[in-house]
Amino acid sequence: ETKFITVVQNVKVNRIKKDNKILLDYKPYKFISIRIYNKKLEIDAPNHELIKYFEIKEKNKIVIDYKVSNDFFTKTKKIKHPKILKIAIGDHPAKNFFRVVITMRSKLSKDNKITYENKLLLIDNLY
């Protein structure tokens, strides 16, 4: 079963507490940065609007689409994290968007809390 959520408006982000340690600060390209905390993941794409978020539960994937192609090659990074297996970022220039795919090591949590504000996406409660 695939769960689709289309972002139509910004919602208030509960900022990450200062005492949470960043486990990974990944900047695959100048236009996007991904920070992984113990139970949270933050994606910052300051010059791009999020157009779609959806989950593919049977493949343990979270998929995020951003408006505007950036003409780049796909990058995949394996992650040393108890819950996250890898992150892939790929361009879809024909449809004018790029996609971030987060592959989890196990089933997606039913308690994931998704917030989006000022082009910052926060996925909370990864466990």
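Computed from the coordinates by the stated procedures, all read-outs in this text should not be read as laboratory data. Quick caveat, the model's predicted, so the values are computed rather than measured. As a convention, Cβ positions derive from the backbone with ideal geometry for all residues, glycine included, and neighbour counts pool all protein chains shown.
General remarks:
- Label-point separation in nm, Lys39 to Phe54, each point 7 Å along Cα→Cβ: 2.9 nm
- Under the convention that each Lys and Arg Cβ holds +1 and each Asp and Glu Cβ holds -1, the size of the dipole of the stretch 33-127 around its Cα centre is about 560 debye.
- His92 versus Lys67: modelled label distance in nm, points set 7 Å from Cα along the beta carbon direction: 1.6 nm
- Mean Cβ neighbour count within 10 Å, used as a protection proxy, ranking 69-77, 117-125, 97-105, 23-31 highest first: 97-105, 117-125, 23-31, 69-77
- One way to sum up the overall shape of the stretch 60-112 is the equivalent ellipsoid from its Cα gyration tensor, whose semi-axes run 24, 13, 6 Å, largest first.
- Stretching Lys119 away from Arg99 to a fully extended chain increases their span by 5.7 nm, per 0.36 nm per residue minus the current alpha-carbon distance.
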